Structure formats: structure tokens, C-alpha cells
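The values are calculated or read from the model by the stated rules, or taken from the named source; none is laboratory data. Keep in mind it's a predicted model, so treat the numbers as computed, not measured. Neighbour counts run over all protein chains shown; Cβ positions are idealised from the backbone, glycine included. The accessibility values were calculated without ligands, DNA or RNA, using every heavy atom of the protein model including side chains. Shrake-Rupley method; radii C 1.70, N 1.55, O 1.52, S 1.80 Å.
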Amino acid sequence: MIRTVLADDQNLVRAGFRSILSDEDGIEVVGEAANGAEAVAKARELQPDVVLMDIRMPELDGLEATRVIVTDPRLDGVKVIILTTFDLDEYVYGALRAGASGFLVKDTEPAELIHAVRVVARGDALIAPSVTRRLIAEFAGRIKRPEPGPRLNALTEREREVMALVAAGLSNDEIAARLVLSPATAKTHVSRIMTKLGSRDRAQLVVLAYEAGMITPGWLTP
């Protein structure tokens, strides 16, 4: 059973998401929060698998609440999906940097919401390849990129190749096809990269790759 918490300051939004998720087998809404502070408290109390987190909330916004959750060792298994009003919301990049596993627009289709919860609960990033490329191209250039740290130096040449493809939004199967590997080998590479870099999921690998200057928006051709 995937246990979820809904964090949004609008009652109607929470009610709508609750209705969709509660009707789905294998998903349970265990709590709700009307602001970021409540979201953190509910995460600590209920230990959910996934928190659906609005960005703009009173008291504590969704970005800061996400940072608190993902840096709390007691909440190591809790994943956060950020909710946004627009799919190019300028806060989305900040959300990924804060440690969110992905994002959804609030008017998403019910099937997409359910799929997102399942994907994130199993430890994968939510962002689709096309959305990844558009988001990073839009916002990666707005931040100051630090020099690659010693953690990146620990990666092998093959792992750097794989990480760059992850950052471009490719799935494990697509990475395997491009590098002529088996899907299982591609998955193993991704898992090792995340372990070496201390990343919670693929979304954080995307951010690290761009911030380290490993690739630039639009570098990958079909």
C-alpha cells in the first residue's frame, strides 16, 4: 500500500486529489496539510511514502518544507512530488534542487496523478524526458554553476556518460539502446551513480549534471 499525504492550502484541491487517489487500489491517503509546517509535521507523524506538496502555502512554503523533509534522516523513505499551477513555474527548478522527486501541474489528468504517485513511490523520478529538457533548458542557465566536486570525480567515464543521458531525460531502456547495453546494466549504472553521489533519485542527478556543467541544454540530438 502506497501511503500519501496531501499538502495544499486549498480545501477543494485536497478534496479532489483525495477522491482520485482513494478510489485507486494500492494507494491510501493517510493525512492532509494546509501549509508547509503541517506537511512536515504530518510527514514525521505518519511516515508516508509520498507527499504531494503545493509550492505556494502560508507559514512555510512548499520548497522549504521539501528541504526539511528530504534532509531529515528520520524521513529517508519519504518522497515529495511538487504541485505547480503552470508547467513552467519558475519555482520548479528550485523544487528539484530542494530534493523533490518530480512535479505535477494541478490540472493533471487523474490517470497521470495515479501514475506519478506509483512512479515516485518506487524510487524513480517523475519528470518525463520532454519536460526535463524543457525545464532545464529554461532554468539551468539562471543559476551559478559550481565547479564539479570530488564526488563527480569518483565516477567512471561510463558512469559520466550514463549520468549525462539521465540528465537529458532518457529512461533506462533508452540509455541502454544508445550505449548498446542491456537495460539491467543501464539500471545498475544509474543505481551506482546515485549511491556514489548520495542522490535520492534521478531528479537530483539531473540537477547535479547541469550544475556541474557536465552538459548544456540541447546538447543531445535524437
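Amide H contacts of residue 105 (H built 1.01 Å from N, in plane; Pro and chain starts excluded): 84 sit under 5 Å, all sequence-distant by 5 or more or on other chains.
Among the listed pairs 79/106; 42/106; 106/196; 42/196, a Cα-Cα separation exceeding 28 Å is found for 106/196; 42/196.
Solvent-accessible area per residue in segment 1-55 equals 43 Å², computed with a 1.4 angstrom probe and all protein chains kept. Based on Cα atoms of segment 6-59, Rg over Rh with Rh as the Kirkwood radius reads 0.95. Restricting the calculation to Cα atoms, segment 148-198 shows an Rg/Rh of 0.96 when the hydrodynamic-style radius is the Kirkwood one.
When the chymotrypsin sites (Phe, Trp or Tyr not before Pro) in segment 1-103 are filtered for DSSP coil states and for at most 14 other beta-carbon atoms within 10 Å of their beta-carbon, the remaining sites are 86.
What does the charge count around residue 106 come to, taking other residues whose C-beta lies under 9 Å from its C-beta (Lys +1, Arg +1, Asp -1, Glu -1)? Summing Lys/Arg as +1 and Asp/Glu as -1 gives -3.
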